[in-house]
Structure formats: C-alpha cells, structure tokens
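Throughout, read-outs are computed from the coordinates displayed, never taken from laboratory work. Just so you know, these numbers come straight off a predicted model, no measurement behind them. A quick note on method: Cβ atoms are made from the backbone with ideal geometry, for glycine too, and the neighbour counts reach across all protein chains shown.
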Amino acid sequence: MMDLNAAALFVRVAEFRSFSEAAKRLGIPLSTVSRKISELEKSLGVRLLERSTRHFRVTELGEEYYQYCRRGLEEIEAGELAINDKQTEVSGTLRLSIPPNLADVLVAPLVTHFQTVYPKSIFKVLVTDRYVDLIEDNVDIAMRVGQLNDSSLIARRLLTYRHILVASPDYIAQHGVPEHPEQLHEHRIITFSGWQEKVVWELHKHDNEVRIAIESALTINELSGLQYVVENNQGIAEIPAMVCSKAIQQGKLVEIMSDWKFAPTSLSFIYPSKRNTSRLVSLFIDYCIENIDRIVVDTGM
C-alpha cells in the first residue's frame, strides 16, 4: 500500500527543489525525508528525482506524479479548510508581503481596523520590493502593483489609483507653475526610480498624450524620502495621490498641472489558489476591498 505521507513529502520536496529546505519547513530530520522519498521511488519502481551534491531535478515521470499528488493534497487541504471554516472564532497567523511605501498609508490602517474586528488574528508583514515566491517564502497573500503575469495565481483588485505631480508652495512661489508637460524641462525634477532606469513620464489630457524624457536632479527609489525632498522646496515630483494626500491637506505640497494625468495603476491581492484559501485570508481580503474607500484618504481618481 502506498505511503501517503511519503507522497506528501515528495510534493514538498519538488516544490522547494530541496531536500534540506523541505525538512526545515516541515520540521523533520533530513534523513527521514531522504529515506521516505527513496522508499516511495522503490515502491513505484521509478526514479522521481535526480539529485547530487550540486544538482536537483524532477524527472519527467516525477513531474507527472507530482501533479497527481499535488491535486490530491489540495483536496485534503480543502477538506480541512472546510472544517475549520465551521468554527465561529477567527484566529491564526496571516503572512502578507507588500511593496515599500504602502505600510503607513495603506496596510497599517487596514490591518489595525481588521484586528479590531478580529482580535485573535495575527499578522506578519514583509515589506520588500522583490516579487516574492508565495510558496518558497511561506507567504499567504501579497500585494502587487500593475498587471499580474503569473496565470497560476489568483488576483483580486484592491484599488485603482493615480500618480500626481506635486511641488511645495515655496518652490512654486520662486519658480512658478508649468502649464504644459514640455515646460517641465525648465524645472528641477525629482524622480522615483531604480538605479539604472530611464525615467519617462506619460501624461494625458483628453485625447492628447505627451511623453517626456526626464533628466532628474535627484533620483530616489523610496517615496517617503522623495516626498521629504519635495516638501523642502527642491523641485517637482510624481507621487501616488494616496501617499501624499495628507501633505496636500496640510499645505506642505500642492498638486500642479492637474488637467494632465498619468495613467491609472491597479493594486491587487494575489494568492495561490481559491480552493485552498483559508478563512482568515478570505475575510481579510473581503474586508479590505469593502473598506478601502473609507480607510484610504485619496487615490487621485
């Protein structure tokens, strides 16, 4: 009779592409994992994995077997989730990955409000600018900006927002306000960008579209630092409206050229599978989507 535990171990080893990583994540000895996989291969009469000190590869038959086993585990996990969802008390730990600059203006308010309603929920938030692997990084859900390219993941849009052009009142008093994108070349521009990226602003007004190659006086890949520089009269910058709305309300920044607009950007939750979504994850996503307009001050739309 087939050892179901060994089949489950094989799925995790194949997913993590490592015996040692699977052993660490599952909290069992490496020798146990290796022995179980060897016994499984012997019972099936096939080689599922090719491994050496330097290389690891799932064989062609191993990949086919993995797909069957994975689907079986999903069904078992779905059954467990269905039982857990019958419980009235919401508890557990949710691991959330978010892009930089969203923690204070968006995620912290959403999590704080959610935990007020569900006080036994625990959150672990990873702030990073890299695209995490949800399985390898042990992340339940992630926030992603823009289009989702991985068709194996589920996406639910949280909000759509725009970037706006802003400057400080003192900068405007000294240098004036550009009326057309071409006049931006006459001003000191501060940009948000990676180390080697060329910055091009695409602005729309009705049916008119203008692309401006920006020569930045200063480039920063962190929005709070960018906003600090602009608030201190150093130039004009493009900042998401929801990030700088408070500074605008306080009079520290002024939106300029508001009739010229950047294309809207979407922010979405992504997660591996609807079937295996826990009750805590589903409740948090639904809560955020339902309450985002009340919690976020301004998206610039």
Separation in nanometres of the label points that stand 7 Å from Cα toward Cβ, at Asp137 and Ser31: 3.5 nm
For Asn291, net neighbour charge (Lys/Arg +1, Asp/Glu -1) across residues whose Cβ lies under 15 Å away: 0
Å³ per residue enclosed by the Cα convex hull of the chain: 173 Å³
Ascending count of other beta-carbon atoms within 10 Å, so fewest first, for Ile220, Ile28: Ile28, Ile220
Distance between modelled label sites at Asn208 and Glu21, nm, 7 Å Cα→Cβ extension: 5.2 nm
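List the trypsin sites (Lys or Arg not before Pro) within region 84-146 that fall in a DSSP loop (any state other than H, G, I, E or B) and whose Cβ has at most 14 other Cβ atoms within 10 Å.
Counting only loop positions with at most 14 other Cβ atoms within 10 Å, the trypsin sites (Lys or Arg not before Pro) in region 84-146 are Lys86, Lys120, Arg130.
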Ranked list, fewest to most other Cβ atoms within 10 Å of each Cβ, for Ile295, Ile76, Ile189: Ile76, Ile295, Ile189
Spin-label model distance (nm) - Val200 vs Val117, 7 Å beyond Cα toward Cβ: 4.3 nm
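Check each of the chymotrypsin sites (Phe, Trp or Tyr not before Pro) in region 194-240 and keep only those in coil by DSSP with at most 14 other C-beta atoms within 10 angstrom; list them in order.
Details: sites: Trp195, Trp201, Tyr228; in loops: Trp195.
For chymotrypsin sites (Phe, Trp or Tyr not before Pro) across region 194-240 that sit outside H, G, I, E and B with at most 14 neighbouring Cβ atoms in 10 Å, the list reads Trp195.
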Local electrostatic count at Ala167 - Lys and Arg +1, Asp and Glu -1, tallied over other residues with Cβ under 14 Å: -4
Partner aspartates and glutamates for Lys198 [C-alpha distance under 15 Å; skip if fewer than 8 residues away on the same chain]: Glu215, Glu238
Helical contribution to [θ] at 222 nm, DSSP H n ≥ 4, -39,500 (n - 2.57), averaged over the chain, rounded to 500: -12000 deg cm²/dmol
Stretch gain in nm, segment Thr59-Ser38, where the contour uses 0.36 nm per residue and the Cα spacing is subtracted: 6.1 nm
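Give a quick list of trypsin sites (Lys or Arg not before Pro) in region 19-60 that DSSP marks as loop, anything other than H, G, I, E or B, with at most 15 other Cβ atoms within 10 Å.
Here the sparse-neighbourhood loop sites are Arg47, Arg54.
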GluC sites (Glu not before Pro), loop per DSSP, at most 12 other Cβ atoms within 10 Å - longest free stretch of the chain: 90-178
Around Asn232: net Lys/Arg minus Asp/Glu count, Cβ-Cβ under 10 Å: -1
